[in-house]
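Asks: First the structure, which I've put down as structure tokens, then a few questions once you've had a look.
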There are 2 protein chains.
Amino acid sequence: LQPFDEARCRIVEQHAPAVVSFHFGLPSPDLVARVKATGAKLVSSATTVAEALYLESRGCDAVIAQGLEAGGHRGMFLTDDVLSQTGTMALVPQIVDAVDLPVIATGGIADGRGIVAALALGASAVQLGTAFLHAEETTISEAYKAGLRQAGDRQTAVTNVYSGRPTRCLTNRMMLEKGPLTGAAPAFPKGFAITGPLRQQAEAQGSSDFSAHYCGQSAALGKPTTAGQLVRDIAHDARQQMNRFT
Amino acid sequence: LQPFDEARCRIVEQHAPAVVSFHFGLPSPDLVARVKATGAKLVSSATTVAEALYLESRGCDAVIAQGLEAGGHRGMFLTDDVLSQTGTMALVPQIVDAVDLPVIATGGIADGRGIVAALALGASAVQLGTAFLHAEETTISEAYKAGLRQAGDRQTAVTNVYSGRPTRCLTNRMMLEKGPLTGAAPAFPKGFAITGPLRQQAEAQGSSDFSAHYCGQSAALGKPTTAGQLVRDIAHDARQQMNRFT
């Protein structure tokens, strides 16, 4: 929840990862230049065509097209208007047409079918989030995991009541009574500090009424597995789906 | 804007079309039985898994999975909660998994890429709406057509201020000042009668501030063409896209 600053940039320079991926736009030009100087590929999320064009102009090597189905925080940074946000099916081809960069699709993709669909839309790769929350390795709470397992009967919504920024979560009392979107939300990331004590009290009583349980719209397609098995399964599944077109 | 009643059912019986497709659920069981007795294939829209299961149980021969990207009225009929609505990427595979019927995908599909993506998600066919509004044959107003051409810079929203039911339109003054969604909207279809005079007055002055210009989230992918050419182009385009997987 801290911005990417001088100290964090030094960590990147020390470890020289192959890829550095940002959310909510990009840090200042000097920090971006230092990241790129390490040889890392620079990636960030776009939720609109305008954001994709901005990221391209700032030197990104690939753009993540984040469709409205995606769980967690919307990467939106040139707009705070949720009406600007579109579904993955609409967003990916429009960003592919706009930029000369590889596009990584995310939002609503949970299995081989979604992967092949994203590739058909022109994406070069995909990014799965919620699908991995079903994996054994996750450290999320049991209540959160139970919510994901019931996702077929649960709703999600994009809400700003938890952090101050729009993020897709399983709907609960806090979101429905105070939002899902409200002009009264504190500026990001202050919301976390303000809502945190309420969440802790409620969770201690076994209630998820005030917990931000990030969740995309395809959680119901998820399966309990391990992260490694999930990757093998969806890769195999994607190849099978591609064979349907041959 | 009239319900499917005795008189309309007689027209179906007289003409015996190959397919009869409903929106907002289905008419009464006796009318459904009469439609099916003509030999017509019965189709309706589902916006959730629960609606798809309902349509299957009522004898539909195929289900249209209407993703949230779609322009025009949401077919929702078992819920009036817009939070239940999901993007095409998430909705299609979940409905495919739930029913034993062919699924027709719609919402955000405007070219061959979207068609192949929908097929990858498990759909058997697709339905395009907004893409055809760009065609020469449409009788929509010049102002509406201009709005579609500018769709890349315009936003859409699901609103109930025009008809009383949630429908995706190009955003305008009426939607932003009174909605996009409001509990004060009159029951469908009364909204049309109430907002109609305001729309007519505004349009006479060259303003689209109060016009319901239905538009999906992929309008920017549309091209001015004819309906016939559009069908040929997207079919050719879809075949080309499929070849990428061979």
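Asks: What are the nm distances, shortest first, from A:Ala193 to its equivalents in the other copies, labels at 7 Å along Cα→Cβ?
Replies: Result for A:Ala193, in nm, nearest copy first: 5.6.
Asks: What residue among A:Thr159, A:Thr79, A:Thr139 has the largest mean-square fluctuation in a Gaussian network model of chain A, using Cα springs under 10 Å?
Replies: A:Thr139
Asks: Quick check for the protein assembly as shown: number of Lys pairs with alpha-carbon distance under 22 Å, counting only pairs 8 or more apart or on different chains? Could the numbers behind the result be given before it?
Replies: On the way: A:Lys145/A:Lys223; A:Lys178/A:Lys190; A:Lys178/B:Lys178; B:Lys145/B:Lys223; B:Lys178/B:Lys190.
For the protein assembly as shown, the number of qualifying lysine pairs is 5.
Asks: Taking a label point 7 Å from Cα toward Cβ, how far is A:Thr38 from its twins in the other copies, in nm, shortest first?
Replies: 6.6
Asks: Let me ask something else. Taking the Cα centre of chain B as origin, sum charge times position over the Cβ atoms of Lys and Arg (+1) and Asp and Glu (-1), and report the length of that vector in debye to the nearest 20.
Replies: Working: 21 positive and 22 negative charges, 53 e Å.
About 260 debye.
Asks: What accessible area per residue, rounded to a whole number of Å², is obtained for chain A using a probe radius of 1.4 Å? Display every interim value, and only then the final one.
Replies: Numbers: 10920 Å² over 246 residues.
For chain A, the per-residue accessible area is 44 Å².
Asks: When the dipole is taken about the Cα centre of the protein assembly as shown, and only Lys, Arg (+1) and Asp, Glu (-1) are charged at their Cβ, what size is it in debye, to the nearest 20?
Replies: Values: 42 positive and 44 negative charges, 6 e Å.
Charge dipole, the protein assembly as shown, about its Cα centre: 20 debye, nearest 20.
Asks: Something else: Give, as a single signed number, the net charge of other residues whose beta carbon lies under 13 Å from the beta carbon of B:Ser124, with Lys and Arg counted +1 and Asp and Glu -1.
Replies: Around B:Ser124, the surrounding residues sum to 0.
Asks: Moving to a separate point now. Based solely on its DSSP helices, what 222 nm [θ] is calculated for the protein assembly as shown when runs of n ≥ 4 H residues each add -39,500 (n - 2.57) and the sum is averaged over all residues, nearest 500 deg cm²/dmol?
Replies: Details: 20 runs with 196 residues, N = 492.
Helix contribution divided over all residues of the protein assembly as shown: -11500 deg cm²/dmol.
Asks: In whole Hz, with x marking every Gly and Pro, tabulate ³J(HN,Hα) for region B:59-73 from phi via Karplus 6.51 cos²θ - 1.76 cosθ + 1.60, θ = phi - 60°.
Replies: Result, rounded to whole Hz: x, 5, 8, 7, 10, 8, 8, 9, x, 5, 5, 4, x, x, 5.
Asks: Once you order the gyration tensor axes a ≥ b ≥ c over the Cα atoms, which shape class does region B:11-108 get: rounded for a/c under 1.5, otherwise prolate or oblate by comparing a/b with b/c? Each step should come with its number before you reach the end.
Replies: Numbers: a/c = 1.94, a/b = 1.83, b/c = 1.06.
Judged from the Cα gyration tensor, region B:11-108 comes out prolate (a/c at least 1.5, a/b above b/c).
Asks: Still on this structure, please answer the following. For chain B, the longest stretch holding no GluC sites (Glu not before Pro) located in a DSSP loop with at most 12 other Cβ atoms within 10 Å is which?
Replies: On the way: sites that count: B:Glu136, B:Glu137.
With a cap of 12 other Cβ atoms within 10 Å, the longest stretch comes to B:1-135.
Asks: Here's another thing I want to ask about it. So what is the relative contact order of region A:1-50, in percent, for Cα pairs below 8 Å that sit 6 or more residues apart? Each step should come with its number before you reach the end.
Replies: Details: 47 pairs, mean separation 21.1, N = 50.
RCO, region A:1-50: 42 percent.
Asks: Moving on to the next point. For region A:18-112, calculate the relative contact order in percent as a whole number, restricting contacts to Cα pairs under 8 Å that are 6 or more residues apart.
Replies: Values: 174 pairs, mean separation 27.2, N = 95.
Relative contact order of region A:18-112: 29 percent.
Asks: Counting Lys and Arg as +1 and Asp and Glu as -1, each charge on the Cβ, what is the dipole of region A:36-122 about the Cα centre in debye, to the nearest 20? Could the numbers behind the result be given before it?
Replies: Details: 5 positive and 9 negative charges, 47 e Å.
About 220 debye.
Asks: Moving on. Normalised by the residues of chain A, what does the relative contact order come to in percent, with Cα pairs under 8 Å and at least six apart? It would help to have the intermediate numbers written out before the result.
Replies: On the way: 459 pairs, mean separation 42.8, N = 246.
With pairs under 8 Å counted, the relative contact order is 17 percent.
Asks: Could you compute how much accessible surface B:Met76 exposes when probed at 1.4 Å, giving the result in Å² to the nearest 10?
Replies: Solvent-accessible area, nearest 10 Å²: 10 Å².
Asks: List the residues, sorted by chain then number, that are 5 or more residues from B:Ala46 or on another chain and whose placed amide H is less than 5 Å from its amide H.
Replies: B:Ile64, B:Ala65, B:Gln66
Asks: Give me the percent of the accessible area of region B:189-246 that comes from carbon and sulfur atoms, probe 1.4 Å, all protein chains in place.
Replies: Details: 1820 of 3350 Å².
Carbon with sulfur: 54 percent of the solvent-accessible area.
The values are calculated or read from the model by the stated rules, or taken from the named source; none is laboratory data. Everything numeric in this text was worked out from a predicted model, so none of it was measured. With ideal geometry, Cβ positions are generated from the backbone for all residues, glycine too; neighbour counts draw on all protein chains shown. SASA here: full protein model, heavy atoms, side chains in, ligands and nucleic acids out. Shrake-Rupley method; radii C 1.70, N 1.55, O 1.52, S 1.80 Å.
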